[in-house]
Amino acid sequence: MSLHTDLDDIEQPPIPPALSVAFMDSYLDALNLVERLHRLLLDVIKDEFERIGLLEINAVQALLLFNVGDNEVTAGELKSRGYYQGSNVSYNLKKLVEAGYMHHERSEIDRRSVRVRLTEKGRGVHLVVSKLFRTHSEGLMSRGVLDQEGVEEITIALRRVERYWTEQIRYIY
């Protein structure tokens, strides 16, 4: 029996009136937009690094450095804090340590766990990304693209979707 046949055998619940075709189309548009925005963010970071001549690291690695900031964290904590599309966090951390952007230290308690923190070189990248994001936030406000209320509405809506998806994952197990 193929997967296709198995899926055909699943009885679909009736679509409630609130779940119209228009809602489904809008939901799928929103999902595509979130994915495209993430890829575009990586492109914007890449372009900024090319502009300033910092070609040693990629945009995902720059986001990792930005998210570590002044903290000392494990790879697992980094995975849970950020979304690094199509990337292997452990591999990128290893590369950042080798390139001198991060210090790493094995935990005395759990030798499998490695804690990382930024070096001066890593703090420099963190500063570049921070300035880029500050410039973007100022531009969004000054050009009337978004105001405080608008960005808060977007954040609230995305957090609701995040909670819903998290609940769906919990129901599977």
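The values are calculated or read from the model by the stated rules, or taken from the named source; none is laboratory data. Keep in mind that this is a model prediction, so the values were computed, not measured. Every residue, glycine among them, receives a Cβ derived from its backbone with ideal geometry; neighbour counts consider all protein chains shown. Heads up: the accessible areas ignore ligands, DNA and RNA and are worked out on the full protein's heavy atoms, side chains in. Shrake-Rupley method; radii C 1.70, N 1.55, O 1.52, S 1.80 Å.
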Just to check I understand the Karplus step: with θ = phi - 60° and J = 6.51 cos²θ - 1.76 cosθ + 1.60, what whole-Hz values come out for segment 68-73, glycine and proline as x? 6, x, 8, 8, 10, 9
Treat each spin label as a single point 7 Å out from the Cα along the C-beta direction, and report the L158 to N58 distance in nm. 2.2 nm
Using the Karplus equation 6.51 cos²θ - 1.76 cosθ + 1.60 (θ = phi - 60°), what ³J(HN,Hα) coupling, rounded to whole Hz, does each residue of segment 130-146 give in order, writing x for Gly and Pro? 4, 5, 4, 5, 5, 4, 5, 5, 5, x, 4, 6, 5, 8, x, 5, 9
Distance in nm between E77 and D147 label points, each 7 Å along Cα→Cβ, equals 3.8 nm
Taking a ≥ b ≥ c as the square roots of the eigenvalues of the Cα gyration tensor of segment 37-132, is the shape rounded (a/c under 1.5), prolate (a/b larger than b/c) or oblate? prolate
Net charge around D147, counting only other residues with Cβ within less than 13 Å of its Cβ (Lys, Arg = +1; Asp, Glu = -1)? -3
With the 1.4 Å probe rolled over protein heavy atoms, segment 63-173 has an accessible area per residue in Å² of 73 Å²
Using a 1.4 Å probe on the protein chains only, how many percent of the accessible area of segment 40-173 belongs to carbon and sulfur? 52 percent
Give me, ordered by chain and number, the residues 5 or more places off S113 or on other chains with an amide H under 5 Å from its own placed amide H. S107
Under 5 Å, built H, 5+ apart or other chain: amide partners of L146: M141
For M102, other-chain or 5+-apart residues with amide H closer than 5 Å (H placed, Pro excluded) are V97, T119
Residue-level accessible surface for F133, protein heavy atoms, 1.4 Å, Å²: 60 Å²
As an exercise, use a Förster radius of 35 Å and the Cβ-Cβ distance of N67 and E11 to find the FRET efficiency, rounded to the nearest 0.05. 0.20
Place the peptides 153-162, 99-108 in order of packing, highest mean first, counting for every residue the other Cβ atoms within 10 Å and averaging per peptide. 99-108, 153-162
What distance in nm separates the simple spin-label points at N32 and R134, each placed 7 Å from Cα in the Cβ direction? 3.7 nm
With θ set to phi - 60° and the Karplus curve 6.51 cos²θ - 1.76 cosθ + 1.60, what are the ³J(HN,Hα) couplings of segment 40-49 in order, to the nearest whole Hz, using x for Gly and Pro? 5, 4, 4, 5, 5, 5, 4, 4, 5, 5
